[in-house]
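Have a look at the structure below before the remarks.
Throughout, read-outs are computed from the coordinates displayed, never taken from laboratory work. Predicted model only: the values in this text are computed from it and were never measured. Please note: Cβ atoms are built from the backbone with ideal geometry, for glycine as well, and neighbour counts cover all protein chains shown.
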Amino acid sequence: MTAVLTLLTSPEPPRRPALSTREIEVMLAWFRSDSKVDAARSLFISIGTINTHLSRIRAKYLAVDRPATTKAALFARALQDGITRLGDW
């Protein structure tokens, strides 16, 4: 939890990766779901496709020196970048 709070309160403006519309859609579906399997079902895609999108998203964050290795860290990045808001959940 401390790591997530640190990510959210960082004084430097974050460098944003260029995520595709589909990557954002997959990421948000995963956040809404209990599992990747549930996210895949909701989007009518395979679990492999979910994993591919999430791997690419994480690689893009890593490329701008903002690693997000857990679901919580990726959620924090999405909040920082304005992809989602706490009020949406």
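Annotations
- Summarising the label geometry, the points placed 7 Å from Cα in the beta-carbon direction at ALA63 and TRP89 lie 2.6 nm from one another.
- In terms of its Cα atoms, the chain spans 39, 27, 20 Å along the principal axes, sorted from long to short.
- Positive-end residue of LEU54, ALA72, GLY87, charge dipole of the chain with Cβ unit charges: LEU54
- The amide H of ALA68, built 1.01 Å from its N in the peptide plane, has LEU62 as neighbours under 5 Å, considering only residues 5 or more places off or on other chains.
- Sorted peptide list for 23-31, 79-87, criterion being average Cβ within 10 angstrom, highest first: 23-31, 79-87
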